[in-house]
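Just below is one structure, and these are the notes that go with it.
Each reported figure results from applying straightforward, stated rules to the coordinates on display, with no laboratory input. Everything numeric here is computed off the predicted structure, so don't read it as measured data. Cβ atoms come from the backbone with ideal geometry, glycine included; neighbour counts cover every protein chain shown.
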Amino acid sequence: MDITLDVACSVAVVALFAAALIAYRAAGRPSGAARVEREQGLVLVGRGPMHAVYRALVPLGRLLVHLGVSANAVTLFSLVAAIGAAGAFAGGHFGAGAAIACVAALADALDGLVARESGTSSPLGKVLDTTVDRYVDALFLGGIGLYVRASALHLALVLAAIVGSFMVSYASSIERELHLDDPGGRVPIRRAHRLAYVLVAATIAPLCGRYALAPVLLAVGVIALFGNVSSAQRLLRAGRHAAERERAQLHAATELAATLPDVELGEAGVHQLEPAARAALAGLVPARPPRNRDVTGPQPLSAVAPPARGLDDTGPRQPRGLDDTGPRQPDTATPDSGPRAIDATAPLPAAAGAG
């Protein structure tokens, strides 16, 4: 591949984004750009390019929906394009790689738009999109790593960038699980920003002549440094928040236990507590061992087990069929004398008519 083609691809990418930005400035923000507002802006240029790209993608996404293209198909196409971009980076053709990587990045942004426009968003699609995102990140940086593999220092820098990218994504998932807000930072390092750094560096690399590798290594170094530092800060923040929440729950459970009467926290007693109390006490307050209580007095929260069948409060009950409420045994000697005790050792009466 001639270097002239790399330069042409770089110029085409710059012209494309410049046209999108000019169109955005002329037409204003499109409806639905609030999604972009949730992202932190890029260094020096802010959110302007992100709004411009979103505006350009909206009609394209609607066209794909009209043509019947599914969001999952767009996601898989972005993976195929990322493989092509990685191959171009590995061969040192950063201009061509930047053009193909832009296609992959745009397809990655399009799949969510297609899913929303067509109403086909699903858990499976979200899992597929997240998985492909991780592969795309690794492919872009991995392609650069293959190109600089002759230098141990450069290769170590690329590996650190790959680790930083994955750790930022992992820290973000931990923050979402703990319902923490994204703290941001002076140098935004979320996935959209990492892609932008790589794409910008690869685009201007062919225009730098003999120093073509310098912007690429600079972008990789920024991702490696700020990715790992940001992820470490986020994980420490998440750990402190989790520890504070656990201490608060334990303190609330202790105070709640101190205000409760001296009750037995058996299975039945816990089920009678309020749901909030059960949630606070679950796993935090050990159950007290049951103690003997007077069944005739006021009952605690834990229900007293009902007497076993055949037993009353005063002692054992006669077996069914031997008391006054059940059928009586035949009595031929004294019919009206009431029930009589049966001697288990006495012989059975002779049958009628026996000699």
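The shape of the range 3-248 can be summarised by an equivalent ellipsoid whose semi-axes, obtained from the alpha carbon gyration tensor, come to 27, 25, 17 Å from longest to shortest. A simple charge model with +1 on the Cβ of Lys and Arg, -1 on the Cβ of Asp and Glu and nothing else charged puts the dipole of the range 3-248 at about 400 debye relative to its Cα centre.
The residue list GLY87, VAL53, VAL127 was ranked by how far each Cα lies along the charge dipole of the range 43-142 toward its positive end, using unit charges on Cβ atoms, and VAL53 comes out on top.
As an exercise, identify the trypsin sites (Lys or Arg not before Pro) in the range 119-159 lying in DSSP coil whose Cβ has no more than 15 other Cβ atoms within 10 Å. Those that pass, being in a loop and sparsely packed, are ARG149. Measuring nothing but alpha carbons in the range 72-143 and taking Rh as the Kirkwood radius, the Rg to Rh ratio lands at 1.03.
Each residue of the range 217-231 was assigned a 3J(HN,Hα) from its phi angle through the Karplus curve 6.51 cos²θ - 1.76 cosθ + 1.60 (θ = phi - 60°); the sequence is 5, 5, 5, 5, x, 4, 5, 5, 5, 6, x, 6, 5, 5, 5 Hz, with glycine and proline shown as x.
Summary of packing: across the peptides 10-22, 88-100, the per-residue average of other C-beta atoms within 10 Å ranks them, highest first, as 88-100, 10-22.
Would you work out if the range 118-196 is rounded, prolate or oblate? Take a ≥ b ≥ c from the square roots of the eigenvalues of the alpha-carbon gyration tensor; rounded if a/c is under 1.5, else prolate when a/b is larger than b/c, oblate otherwise. It comes out oblate by the Cα gyration axes.
Packing around the peptides 77-83, 104-110, taken as the average count of other Cβ atoms within 10 Å per residue, puts them in this order, highest first: 104-110, 77-83.
Derived scalar couplings between HN and Hα for the range 245-250 equal 5, 5, 5, 5, 5, 5 Hz in order, rounded to whole Hz, by the Karplus curve 6.51 cos²θ - 1.76 cosθ + 1.60 (θ = phi - 60°), x for Gly and Pro.
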